[in-house]
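Comments concern the structure below.
The values are calculated or read from the model by the stated rules, or taken from the named source; none is laboratory data. Quick caveat, the model's predicted, so the values are computed rather than measured. All Cβ positions, glycine included, derive from the backbone under ideal geometry; neighbour counts span all protein chains shown. Heavy atoms of the whole protein, side chains included, go into the accessibility calculation; ligands, DNA and RNA do not. Shrake-Rupley method; radii C 1.70, N 1.55, O 1.52, S 1.80 Å.
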Amino acid sequence: MQDVIPRVSQESEEREGFSFLTPLGAHYDHITIEAPTDPLSIREAFKDRPELRKILNIAKEFKEKHPKTFNGKLLGRPKFSFEKDGSLTIKAEQLHYFVYFAAHELLHGTTREEYAALSVCGTIFDPEAQQFLMSVRPQDSQEDPGKIDAPGGTLNPDAIEQADPLATIRNRFEEKLGISETKPVCIGIERIFDEQYSLYNLAFYTEQTCSQSAAPQDSYAKIPLAAVDEYLQDSARMTTPARATLLLALSQPTFTSKGWGPEKVNSLLK
């Protein structure tokens, strides 16, 4: 068993963007998440931080501006264990959203990374049309309005089978892309850190003919495999999670015969 506790070195603390905790081309057939039943309070989460008073004040302001979000929960502070049989175990904490928000807004480097949210995202490849399906963020979104995104979201212990990642991504594929009865598989873990994201994404991939999407046409995007290079290079067009998820999907062995695979993706990341 290999344990991975998310950390960054002093040298990489200011490096923004994305990277991967898992090897390119890998996939994980079984995921187990272990988390306590009660969420951490701010005082419990930041008991050793001298900025606690400042954090409490920011949380109070956040509560006043976003009362619905303030009451939400998510899973965060993950530790990952990879088994030789292709299974993945994640130990996490329940966090109130304002705890995650405080870590993202006020803290940097290793501390912000430690308190990152655990999330899911994914893409569907249509082998008949030779194209990927991804979601499009609403124009009124606070983050990346109108950009192509990887459908998904944070794991909420109060929703979708107590934050089951497979059930959550299936729900997101149906909700965002209009595609039901999918059979996604986890293809890796994305580390995403920039001004908008402090996430560890469980990335999922599946293949399915998508000619009968039930979603509104402006809520999803079709990305032809032949033009995927163009999309990946355009950060103004795609969110960071979308680009990371596409690269993980393209690193799967099934795309080696199509000019991609782990070696090509790895060369792009250097």
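For the range 85-221, the mean projected area of the C-alpha convex hull, equal to one quarter of the hull surface, is 9.4 nm².
In this structure T89 has an accessible area near 30 Å², from a 1.4 Å probe over the protein heavy atoms. For the range 35-80, the Stokes-Einstein estimate of translational diffusion at 4 °C and a viscosity of 1.567 mPa s comes to 107 µm²/s, using the Kirkwood hydrodynamic radius over alpha-carbon pairs. Each of the peptides 179-190, 92-103 was scored by the mean count of other Cβ atoms within 10 Å over its residues; in descending order, highest first, they stand as 92-103, 179-190. Per residue, the solvent-accessible area of the chain (1.4 Å probe, heavy atoms of protein chains only, all protein chains present) comes to 50 Å². Calculated on the alpha-carbon coordinates, the convex hull of the chain measures out at 134 cubic angstrom per residue.
Each of P39, V120, F173 was scored by the projection of its Cα onto the charge dipole of the chain, and the greatest displacement toward the positive side belongs to P39; charges sit on the C-beta of Lys, Arg, Asp and Glu. Applying both filters, DSSP loop and at most 15 other Cβ atoms within 10 Å, to the GluC sites (Glu not before Pro) of the range 21-62 gives E51.
Where the alpha-carbon atoms of the range 139-200 are placed on the principal axes, they occupy 32, 25, 23 Å, in descending order.
To the nearest 10, the accessible area of R170 is 100 Å² with a 1.4 Å probe. Largest accessible area first, the residues V136, V120 order themselves as V136, V120 under a 1.4 Å probe with ligands, DNA and RNA left out. Of S267, S135, the residue with the largest accessible area leads and the full order is S267, S135 (1.4 Å probe). Normalised by the number of residues in the range 94-188, the average gap of Cα pairs under 8 Å and 6 or more apart makes the relative contact order 20 percent. Against the chain, whose longest principal axis is taken from its Cα atoms, helix 97-106 shows a tilt of about 90°.
Averaging 1/r over every pair of different alpha carbons in the range 188-242 and inverting the result gives a Kirkwood radius of 13.7 Å. Across the accessible surface of the chain, with the other protein chains kept in place and a 1.4 Å probe, carbon and sulfur atoms take up 45 percent. The angle separating the long axis of helix 240-250 from the principal Cα axis of greatest extent in the chain is about 40 degrees.
Evaluated at q = 0.12, 0.22, 0.25 Å⁻¹, a Debye calculation over the C-alpha positions of the range 154-258 (equal weights, vacuum) places log10 I(q)/I(0) at -0.45, -1.56, -1.64.
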